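These notes are about the structure you will find just below.
The values are calculated or read from the model by the stated rules, or taken from the named source; none is laboratory data. All values reported here derive from a predicted model rather than from experimental measurement. Here the Cβ positions follow ideal geometry from the backbone for every residue, glycine too, while neighbour counts run over all protein chains shown. These accessible areas exclude ligands, DNA and RNA; they are computed on the full protein's heavy atoms, side chains included. Shrake-Rupley method; radii C 1.70, N 1.55, O 1.52, S 1.80 Å.
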Amino acid sequence: MALPQPDLGRPSMLATQELIQEATLAQRLGQVLPRWLREVPLYRQRGSMPLAAGEIGVPPDLRDLPFITKQDIRRGFPHNFLRPGMELETLLDQDLVELEHTSGTSEERTPLLLERGWWGEQEERALRLNPFVAGVLNDFPDARRVTISSPICSGDICYTGTPSRTERILGQALFVSLSRLPFLWSEADLGRMASEAADWQPQFLDVDPVYGVVFARFCERRGIRLPSLKFILCSYEFVSVVHRRILQRAFSVPVLNLYGSTETGHLLMETEPGEMQASLETAFLEVLDPDPRGVGELAVTTFTNDFMPLIRYRIGDLVQRRRGPYHTSYKVHGRGADAFTASDGVRVTTWDVDECFADTPGIAHYQLCERARGEYLLRFVPDLVPPKAGELEQLRARLTALLRPEAGLPVQETDLLMPESSGKFRLGYPARTRAATAAESGR
């Protein structure tokens with residue numbers, strides 16, 4: 001039975017306001033760029049950075065500047081961002097900044113300098129782009145959440161031991177997961193998580209999709225409900241159609257995608273099914289080298305973290321921009337490093353692959369790995385009721401038509417898929433990524 005969907009449509013006046021805000025982005029860039037270029041050491045040295053092709057429509061003040069990457073952030077940190085007279089120890093002692101790190105899924109962890117309180121402010125700004133979520137936050141100003149993700153990759157709380165429940169409460173958030181290996185969680189582990197979640201009475205779940213799916217399947221098996229729950233927020237990594245299906249089935253509430261990174265904050269919020277809206281107060285977005293479909297790499301210039309402003313930061317993800325008459329929307333296609341190249345040379349993104357699973361029931365999670373000689377292997381963890389042989393054959397046919405493998409595409413059922421060292425899961429492993437990972441591990 002189809003679940004009731006909240007009214008996520010926006011009135012025309014709000015859409016008009018969005019277009020006005022989009023039109024003022026160039027002016028806002030003109031107000032902050034000169035100061036950052038003059039004061040921030042990283043950008044005073046920008047002449048040594050390589051330029052790359054930007055996109056048409058980018059303001060000239062920005063288009064003539066080089067791109068930066070995680071390596072540029074790490075090189076000389078924090079002195080590459082601190083203005084003359086600023087000392088990190090003093091800023092920390094005065095409680096003006098927080099020192100955080102990225103999760104390190106695609107490369108080594110990157111240190112970050114975040115203004116105190118910035119994370120919560122930019123997150124709420126993005127959440128309120130969705131009228132339904134904004135209504136929940138209005139009804140529950142101190143909305144409680146239960147966070148289910150890797151304790152390693154969370155930007156708010158980190159631990160490697162076994163902290164008490166009290167130690168896992170941060171403001172209105174309760175962190176219930178204690179391990180980055182969700183497929184190895186015991187019934188006792190899951191029972192504790194469910195009990196703590198029910199006692200907390202959250203308005204929403206904040207989940208890494210894979211971790212949330214394992215929790216949801218347990219609750220479904222045991223008939224556990226969370227009556228206070230209004231919606232589920234998927235963040236941390238790409239949310240698959242198989243993840244959405246299970247989360248929605250188990251809890252009967254809207255499942256929404258929130259996209260961003262620890263470095264930039266939350267950039268896009270799902271406002272309508274399949275549509276993401278940009279948080280224009282947080283950042284200016286560029287889509288680099290778009291293919292014929294308009295899919296390209298995302299570059300971000302942030303507005304709101306003055307201690308570590310990022311100018312034309314290459315985030316490493318692929319997005320597709322869709323300009324409409326009333327607003328601009330985006331579709332997230334996954335990491336650029338996780339995209340495959342079909343035998344005819346066409347790029348196949350994580351989103352492209354994931355669409356093949358839309359009509360295949362019985363799958364809780366999967367990984368598609370490219371082997372040498374153009375052969376692929378699909379491994380999947382079954383849902384409560386595994387897919388039938390005919391359904392798997394149809395899935396294989398769709399993937400074969402998409403990827404055009406030179407060899408085979410065997411499908412293998414398993415009860416265990418492993419995450420990266422960060423605790424995040426990848427859906428796709430192109431051959432070049434596997435080779436790089438093997439080389440790195442062999443050092």
### Query
Restricting attention to region 370-378, does a residue exist that is more than 28 Å from Pro405 (Cβ to Cβ) and small (Gly, Ala, Ser)?
no
### Message
Can you pull out every residue in region 279-294 that is open to solvent by less than 10 Å² (accessible area, probe 1.4 Å) and more than 9 Å from Arg321 (Cβ to Cβ)?
### Response
Ser279, Thr282, Ala283, Glu286, Leu288
### Members of region 173-217 found to be surrounded by 15 or more Cβ atoms within 10 Å (Cβ to Cβ) and polar (S, T, N, Q), listed by number
Ser177, Ser179, Gln203
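To keep it simple, each residue is scored yes or no on (1) more than 23 Å from Gly423 (Cβ to Cβ); (2) in contact with a Pro (Cβ under 7 Å, 6 or more places away or on another chain).
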position: Phe204; (1), (2): no, no
position: Pro209; (1), (2): no, no
position: Phe215; (1), (2): no, no
position: Ile224; (1), (2): yes, no
position: Phe231; (1), (2): yes, yes
### Query
Going by the structure shown, is Thr302 open to solvent by less than 20 Å² (accessible area, probe 1.4 Å), touching a helix residue (DSSP H, G or I) at 6+ places or on another chain (Cβ under 8 Å) and among the polar types (S, T, N, Q)?
no
#### Entry: Every residue from region 215-229 that is in contact with a Ser or Thr (Cβ under 9 Å, 6 or more places away or on another chain) and not in a loop (DSSP other than H, G, I, E, B)
Phe215
#### Entry: Filter pass, Leu392 being more than 29 Å from Asp317 (Cβ to Cβ), open to solvent by less than 40 Å² (accessible area, probe 1.4 Å) and of a type in the set (A, V, I, L, M, F, W, C)
yes
### Count of residues meeting criterion [outside any strand (DSSP E or B) and within 19 Å of the chain's Cα centre (by Cα)] in region 266-303
6
